[in-house]
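Since every read-out is calculated from the coordinates, none of them should be taken as a lab result. Small disclaimer: the values here were computed from a predicted structure and weren't measured. Ideal geometry is used to build each Cβ from the backbone, glycine not excepted, and the neighbour counts take in all protein chains shown.
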Amino acid sequence: MLDITKLCIFLLVVSTVAAFGVGYVNSMTAPVIHKQAEQAKVNSFREVYPQGDEVKDETAKYLKKDSSPLLKEVNMAYKGGAPAGVIYTVEPKGFSGPITILAGFDIASRKLTAIKVLNQTETPGLGAKAKDPLFQDQYKGKGTETDLEVSKTPPTKDNQIQAITASTITSKAVTSGINAAREHFAGNFK
């Protein structure tokens, strides 16, 4: 009985020391991780709207209660101090869960500059191909006048996007997120 008590006390001490060690390391690395995440976000903004000099989060100004629930963030890209583009963060639900996407729009040309899938949990080899440049590049230069549509065959109209083979749900989810951003852009940046 005494041996079991000694063992329990020993395990309690070891687990307490380990917990404090992990907590300490976490407190030391958290600011570095946060800074790297912010830098990655800024780099992603430059990928979807490279013409901007500065990007400001203006979500509070542009997202109202009646905005689409797919819209998560609105960032304005400024060039020479004037608004030049809008970068949306949207989060539609895909086959396996939410898909986080950035979509850049140019105010002057009224076109989609680019999209970037940031996070997804789609099926590897199928829906996960939403991160492939081949799929994402289809959105570049699309107009904001009409909704984008997903087509299983090569596009015949300017507003069509060819679905990822065997991943129509993911393709439609990405497109629905982009359409939510497009609709907000068309209604707020004339």
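Listed values, structure above:
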quantity	calculated
Kirkwood Rh in Å, taken over all unlike Cα pairs in region 26-113	14.2
Angstrom value of the Kirkwood radius, inverse mean 1/r, which spans all Cα pairs in the chain	18.8
Relative packing of 10-22, 174-186, which averages over residues the other C-beta atoms within 10 Å, highest first	174-186, 10-22
Hydrodynamic radius (Kirkwood) for region 10-77, which is based on Cα pairs only, to one decimal in Å	15.6
Sequence ranges 98-111, 144-157, ranked by mean other-Cβ count within 10 angstrom, highest first	98-111, 144-157
Fraction of beta bridges assigned by DSSP in the chain that are antiparallel (%, nearest 5)	90
